[in-house]
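Each remark here refers to the structure printed beneath this line.
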Amino acid sequence: MNNLKYIIFCGAIVFLMSSCSDFLDVTPKGALSDEQLTTPETVEKMVIAAYTLVETDWDVVTWLFSDLRSGDAYKGGGGVGDMAWAHRVETALTLRVNEGDVNAKWIRIYFAISRANNALARINNLDASVYPDKAVRAAEMRFLRAHQMFELKRIFKHIVWVDETIPAEEYINISNRDLSDMELWDKIIEDFRFAVDNIPEDNVDVGRANKFSAKAYLAKTLMYAAYEQDEQHNVININKEKLEEAIRLIDDLSTRYSLSGDFAENFLWEFENGQESIFAVQSSHDDSTPYGHLNMYAFLAAPMSSEYGCCGLHLPSQNLVNAYKTDPATGLPLFDTYNKVGEDIVDAHGVNVNTVDPRLLHTVGILGLPYKYRPGYNVDHTFLRDAATYGPFISMKEVVIYDCPCFRKMGNFYTSSLNRDILRYDDMLLLKAEALIELGRHKDALPVINQIRSRAANSTSFLIDEDGKPSGNFKISLYEDGINCAWDQDYARKALRLERRLELAMESSRGFDLVRWGIAAETMNEYFQAEQLRREYLKEARFTKNRDEYFPIPYQQISFSKRLYKQNYGWPEQ
């Protein structure tokens, strides 16, 4: 964070110098010249500064743009007026094109991109003889730029591509339609390819991109780009070559990464940067700054109980909780019957009279059951902020137990230095299975999905009560073609899509998955139809097909560009 302050200071000086260049031809005392900033030592600090913005601030973190449009999460908090713009995101119907926080997301990601581009431009101006790490650092900055562009594109679709070769004064002349949807994906893919080719397998510091994380991100981007969309966001083709390449890349990861022995290890501070983590937001505490570089994703999610205190947002939905039910006879998911109104799991009793997938209790804090693997520290009504509106559940993956050395109070808020995985091996395995299924090789996908389910079945050692007994009625089985299922392509696709939901719930994956698969509208409106019988605040919620798949280009940006930017399909210009 000291490096971050230094970079902001230097950036301010560069801005002031450039704005005065027509009037002054001498360097003011106390200012740094452009040449002084382009040194190996300064560039190294700029590289670190770019890494500090891998994830944007707490009020525009990714779950607000994905989980609230997935059926997995309610906004939560102190009623619908608390972060009212996020309520409009969740209910979809009343979201505006001039939402200030949506505009803030756009601005902050481009700010992060500018850091990577600024560092990259200076790296390119250094000779390798004085900066031996030139090629590696350039590749890291292109990796980070591609990471930010990937995030931006998943949210807004038609974005503005800017790289280190474009002078800042030219930005105003670049449209968000200069490149097509697929050309934008190709640009992101090109950056990740460069990273694969130029970053070593072992890149010195924990947290830096390496060749494997670049391969993983390239594979994930290919999986998004493979689902080709028309202007109205309908999926019109699935590119088989991209699927094949993604499979090859993911197979390469197996020499470095593997599934953790227990699913819980992915969400515990003492196991971070483990064998399953491919690329993560690196958090810190006690680092000579007032608070540390803390986990912004969890900033609003802590319970309201006395050990925490704020803020009870990002809450699991009833639909998500019910999705973890399993068939008591087969141990397989209840694909079509899990969400019957009147048969909801709402507390410990429901977790014990139903058979459930253990991942439920790794993901959701449930009344009467231990919170964050602490036997005896059970969820009660003090954990909940507005149960009348948002129900009885509390988020858990991103939160740490209150006595963790990593736990921190930050003003009126509570979070920690727990890292957050951007890329994890379980996600990669499921993407591989998905590609195999869409290629008609669904039989090959079966053992991959079963590998994930087998780990889930064995992830119960942390899920115990005060007596050391299992805290739920766990039953989960593997798929066996011709024995407990008929594993054709349609069934395999259905199994894969649910498996991604159960494995990655509350991690900002599903909303984006629904869009790339082309099933967001039907999935969300089916979700609303049932949830409206449970949650009064959702009674008018509706997802508009061919509009709500993506957020509107912020009107503030369209206005700033003098209408050079074009609005996404289905949204009004203002």
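What the table shows:
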| item | result |
| --- | --- |
| Sum of -39500 (n - 2.57) over DSSP H runs of 4+, divided by residues of the chain (222 nm, nearest 500) | -12500 deg cm²/dmol |
| Difference of contour (0.36 nm per residue) and Cα-Cα distance, residue 129 to residue 410 | 96.7 nm |
| Cα-only Debye scattering, the stretch 359-445: base-10 log of I(q)/I(0) at q = 0.25 Å⁻¹ | -1.25 |
| Percent of Cα pairs exceeding the 27 Å cut-off, where the set is the stretch 242-382 | 41 |
| Efficiency of FRET between residue 473 and residue 240 - r from beta-carbon atoms, R0 35 angstrom, step 0.05 | 0.25 |
| Estimated FRET transfer efficiency when R0 is 41 angstrom, pair residue 546-residue 484 (beta carbons, to 0.05) | 0.60 |
| Translational diffusion of the chain, µm² s⁻¹ [Kirkwood Rh, Cα pairs; Stokes-Einstein; 4 °C; 1.567 mPa s] | 52 |
| Ordering of 312-322, 519-529 by burial proxy (mean other Cβ atoms within 10 Å per residue, highest first) | 312-322, 519-529 |
| Dimensionless Rg/Rh of the stretch 241-284 - Kirkwood Rh, Rg from C-alpha atoms | 1.08 |
| Chain lengthening between residue 464 and residue 287 when straightened (0.36 nm per residue, less Cα-Cα) | 60.2 nm |
| Cα gyration tensor shape for the stretch 422-491, rounded if a/c is under 1.5, else prolate or oblate | oblate |
| Packing-based ranking, highest mean first, of 191-199, 120-128 given that Cβ atoms within 10 Å are counted | 191-199, 120-128 |
| Kyte-Doolittle at least -1.0, axis length at least 18 Å by Cα - qualifying DSSP helices, the chain | 2-19, 100-124, 134-156, 181-198, 211-225, 240-252, 425-438, 442-457 |
| Residue 39-residue 560 FRET efficiency (beta carbon distance; Förster radius 25 Å; 0.05 resolution) | 0.15 |
| Overall form of the stretch 432-556 per C-alpha gyration tensor (a/c, 1.5; a/b vs b/c) | oblate |
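None of the figures in this text is laboratory data; all of them are computed from the coordinates on show. All figures in this text were calculated on a predicted structure; none of them were measured in a lab. Please note: Cβ atoms are built from the backbone with ideal geometry, for glycine as well, and neighbour counts cover all protein chains shown.
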